[in-house]
Amino acid sequence: MRIDSGSEITVDDFARRFSMRRGKLMWFLGAGASAAAGVPTAWDMIWEFKQQLYVSRRKVSPKLVSDLANPVIREQLKAFISENDQFPLPDSPEEYAGLFEAAYPNENDRRAYLDGKIDGGKPSYGHLALATMMKAGVTKLVWTTNFDALVADACAKVYDGTGKLSTIALDAPDLASQVIASERWPAEIKLHGDFRSRRLKNTTEELRSQDARLRQSLISCCARFGLVVAGYSGRDNSVMASFSDALKEPTPYPNGLFWLHRGDGSPLPAVSDLIERAQAANVEAAIVRIDNFDETLRDLVRLIDGLDHAALEAFTASRKIWTPAPQISGNKGFPVIRFNAVPLSSLPTVCRKVECNIGGAANAKQAVENAGVDVLVARSRAGVLAFGADSDVKAAFDPFGITNFDLHTFESKRLRYDSAERGLLRDALSRGLARQHELLLSKRRSADQLAPAEPDDPKWQPLKKLVGSLRGTLSGHPEITWREGISVRLDWANDQLWLLIEPRTIFEGSTQEPRPRRQTLPESAVFADIIGN
């Protein structure tokens, strides 16, 4: 169910409202708020639970389902879970807790698992921004279902020590009431426990019996403060029941209820229902669609006066990994353009694999040429990898005695370097660009070259305005012609593949490898914009 547009507000709208309510909005943090700090989210752990259950019950090698980013493997794990009545349904509110308990029934094992996930997590910009607002009294109270110490660690940096922060876990539920009553701000209350605590709550039965005193404290505070929910999906019935019960108070959420939701998808039905019922109770309630926790907190601190930004500035300075491109002067200089990488958001996940008695890559390509079929191939130890119709692939390799005709999965670890899989993807991408945009394609070892097949086509007019003629003859060498174009290649960075584009002058009739143009005009950016449309 998707809530109507009247129940949503933009991030900038939320930031302006937040800036006017100093000390009147408390926070509720879920696992998503810790993702940028290196702590896996509940969604990440759900897939690991499925993987562990699949490997242990099917008694198969972990390597078969090692790549959890692969959609094919995810569908395989999802089908396994769906077929077993012992497990909660995929995407149900009970999925995380049910699978956690099924994978690790013993509390000590669950504690060890969480210790391993939390270890190494460091406060992100969002945690430091929250701590900065806590120091200034903008935020007084933070509730969380997380076990990590990221809020406390952020406060230690901002306050130069944790003495100012009151942290309450399940070991001392009465302390929460005392801290709130005496207004010993700032305070952090952990509904599911602390990773150092003797009491951790992370299974269905435990979550269902949420500590009554902490729950009542949460409800009472919802009648005193407004609430901002971040990084939390709304899967825990006990927490959602507390939010709902707060609507029965005489003055529920007096300064608003704002649910920060990441992505374009719809929130869980329980969240949408809560927002709608809050609005019916005359509460200022809305979904705020965000990109991530860190960017949202950055938007908030920009509008709040009187904050000590020292910790934030130190954090930002320590993580500057990009440097400005050098200014180009004279008739030389490189790089020619500053932004020449395009992220590949969607990729094929499988290709055809053929095992047969054939030699290397050159032999495989020659077999395709001899068969006269439209097939792209690469050679790996696993066999011949191919894109194309099955009938065409078989026609090319039947003469070499096919012993296995199967699918081959692209594992992300093999896309990190110049593997056969990455080469096959580059061939397919270059071929697709050439066909779609009527480009001439020239294959090179390090990169593919693309140039307009018909430079006089009106669609290349923006490029002509920038660089002049798009083709010509080399002065003094009439046998050598040139065209303006680009080279494209694939590279791996920040855990994904990128298409890298560089301007090229492409020669015909010459055996020399074309070199990048040394000029200040960003022609490849215009070229990329044209083919992008």
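The values are calculated or read from the model by the stated rules, or taken from the named source; none is laboratory data. Being a predicted model, the structure only gives us computed values, none of them experimental. Note: ideal-geometry Cβ built from the backbone for every residue, glycine included; neighbour counts use all protein chains shown. Remember, those area values only see protein heavy atoms, side chains included, never the ligands or the DNA or RNA. Shrake-Rupley method; radii C 1.70, N 1.55, O 1.52, S 1.80 Å.
Overview of results
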quantity: Kirkwood-Stokes translational diffusion coefficient of the chain, alpha-carbon pairs, 4 °C, 1.567 mPa s, µm²/s; calculated: 47 µm²/s
quantity: Amide H within-cut-off set for Ser166, under 5 Å, with H built and near neighbours excluded; calculated: Ala187, Glu188
quantity: Whole-Hz ³J(HN,Hα) from phi, Karplus 6.51 cos²θ - 1.76 cosθ + 1.60, for region 149-155, glycine and proline x; calculated: 10, 5, 5, 5, 5, 5, 4
quantity: Estimated D of region 402-462 in µm² per second, where Rh is the Kirkwood radius over Cα pairs and Stokes-Einstein applies at 10 °C, 1.306 mPa s; calculated: 114 µm²/s
quantity: Residue-wise HN-Hα coupling along region 13-24, computed from phi with Karplus coefficients 6.51, -1.76, 1.60 (Hz; x: Gly, Pro); calculated: 5, 4, 4, 5, 5, 4, 5, 8, 10, 4, x, 10
quantity: Extended-chain gain in nm, criterion 0.36 nm per residue less alpha-carbon gap, Asn363 and Glu75; calculated: 100.2 nm
quantity: Accessible heavy-atom area order of Arg379, Arg471, highest first, probe of 1.4 Å; calculated: Arg471, Arg379
quantity: Efficiency of FRET from Cβ geometry, Ala382 and Asp44, R₀ 25 Å, rounded to 0.05; calculated: 0.30
quantity: Listed peptides 227-233, 293-299 by packing density, highest first (mean Cβ within 10 Å); calculated: 227-233, 293-299
quantity: P(r) of region 36-182 over all Cα-Cα pairs, binned every 5 Å from zero, in whole percent; calculated: 2, 8, 15, 16, 15, 13, 10, 9, 7, 4, 1, 0
quantity: Accessible surface, 1.4 Å probe, highest first, among residues Ser92, Ser266; calculated: Ser266, Ser92
quantity: 14 Å tail of the calculated P(r), region 24-77, as % of Cα pairs; calculated: 60 percent
quantity: Accessible area per residue, Å², the chain with all protein chains present, probe 1.4 Å; calculated: 49 Å²
quantity: Highest average packing first - 304-313, 361-370, Cβ atoms within 10 Å; calculated: 361-370, 304-313
quantity: Over 29 Å (Cα to Cα) - which of Lys78/Lys353; Lys443/Lys464; Lys78/Lys122; Lys365/Lys459 fall in this group; calculated: Lys78/Lys122; Lys365/Lys459
quantity: Using θ = phi - 60° and Karplus 6.51 cos²θ - 1.76 cosθ + 1.60, couplings along region 422-427 (whole Hz; Gly, Pro as x); calculated: 5, x, 5, 5, 5, 4
quantity: Contour minus Cα-Cα distance for Glu438 and Asp160 (0.36 nm per residue); calculated: 93.9 nm
quantity: The chain - percent of accessible surface contributed by carbon and sulfur, probe 1.4 Å; calculated: 49 percent
quantity: Orientation-averaged projected area, Cα convex hull of region 352-453 (nm²); calculated: 6.7 nm²
quantity: Inter-centroid distance (Cα atoms) of region 351-427 relative to region 270-298, Å; calculated: 50 Å
